[in-house]
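Below: the structure, in C-alpha cells.
The values are calculated or read from the model by the stated rules, or taken from the named source; none is laboratory data. On a predicted model such as this, the values are computed, not experimentally measured, just so you know. Here the Cβ positions follow ideal geometry from the backbone for every residue, glycine too, while neighbour counts run over all protein chains shown. Each accessible area value is taken on the protein alone, full model and side chains, heavy atoms only, with ligands, DNA and RNA left out. Shrake-Rupley method; radii C 1.70, N 1.55, O 1.52, S 1.80 Å.
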Amino acid sequence: MTSADFQKNTDNYCYRHPERQSFVLCQRCLRTICPECQTQGAVGVICPECMAEQRKNRTTAQRKAEKRWSRPRAVATYGGRPVVTYAIIALTALTYLITLIPGIGEVVQSTLLFWAPSLYPVLPVAFEPWTVLTVALVHSSFWHIGLNMLALWLIGRSLEPLLGRWRFLALYVLSTLGGSVAVALLSFSTPVVGASGAIFGLFGALLVIGRHLGANVTGIAIILGLNLVIGFIPGFNVSWQAHVGGLVVGALVGFIFSVTRSPRRRILQIALLIAVAVGLLALLLIPPFLYF
C-alpha cells in the first residue's frame, strides 16, 4: 500500500479527528477512534456517541448504582496490615495469660471485669470506672477468649483496612462502652467479662456499612442473628445485654461513618463520635434512679 493510498483511507483515522491516526475501533459502531475519544467499556473501548446513547438507555437501577458508586466513599480503603486488630488480640491474649497466674490472676481479673456498682463512689464498693472498657480484656475461659478473638481476627482483617486504624479503634472502644452501659441499665448487679459487646459492635457496623455500599450482607445478618439468639437461651451463661448494647452502638457508629464519608465532613464525623461517647456516659446516670 502506498503512502497516498494509506492517507486516503479514512478508516485509518479517528472519525471525530480526521488528522489523528488510529487503529482502535469502537466496540459498538466499529468506527476508528483516537485515544482522546476512547472510553473504556466492559470489553474494549466505546466512542463518545455510543457512550451517550448507552447512558441514555440506562435503567433506573443502573442510574442508582452509578450514582452510588460515583460518590466519594464513606470510608476509603487504606490497605496495609490490620495493626490495631493484631494489637488488640495480642493485648487481650496477654491479659488472659496473666489472669492464669495463681495469686495474681484473680486480682487482675477482679480489677478489670465490669460490675456496675463499682461506677458509683457513693456505694460501699471500690470505685473502678475504667472497667467500662477493660472488661473487653478479661475472659472466663480459653474457649471464651478463643471465639471472641477469632471473630475479631476475621472481621478486623476486612473492616480495619476499610475504615482506617483510628476509626476502627474508635468503633471497638465505643462498642465496648455500649455493651457496658447496656449491662448497667439492664443487669445492674451482674459482673461481666469479655469482648463480646465490642465484637457485636463490629458486626453491627459491618452490616450497616456493607448495606450502604450495596454489598450482599445476608450472610452477615444470619450469623449475627444466630449469635444474638444464643444469648437468650438459658444455660449458655452469656450477657445478652452486652451483646445488644454493643450491636446498637456499633450499628450507630457504622451509620455515622457512612453518612460522613466525604473528607469535608471529617469534623462532623469526629463531633458525632464524641456525641455518642458523651451520650453513653450520660446514660450511666440513670441506674442510680432505678436501683438505689
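Annotations for the structure displayed:
- Scanning the stretch 277-292 for residues that are surrounded by 18 or more Cβ atoms within 10 Å (Cβ to Cβ) and part of a helix (DSSP H, G or I) yields L280, P287.
- Residue within the stretch 215-233 that is open to solvent by less than 60 Å² (accessible area, probe 1.4 Å), in contact (Cβ under 8 Å) with a residue 40 or more places away in the chain, in a helix (DSSP H, G or I) and closer than 25 Å to T131 by Cα present: no
- Scan of the stretch 255-276 for residues that are in a helix (DSSP H, G or I) and surrounded by fewer than 16 Cβ atoms within 10 Å (Cβ to Cβ), ordered by number: V259, P263, R264, R265, R266, I267, L268, I270, A271, I274, A275
- Within the stretch 39-51, being surrounded by 12 or more Cβ atoms within 10 Å (Cβ to Cβ) and either of a type in the set (D, E, K, R) or at pLDDT below 85 (or both) holds for T39, G41, G44, V45, E49, M51.
- Within the stretch 139-166, residues that are in a loop (DSSP other than H, G, I, E, B) sit with their Cβ atoms under 7 Å from residues that are at pLDDT below 95 and open to solvent by 90 Å² or more (accessible area, probe 1.4 Å), at 6+ positions apart or across chains, in these pairs: G164/Y78.
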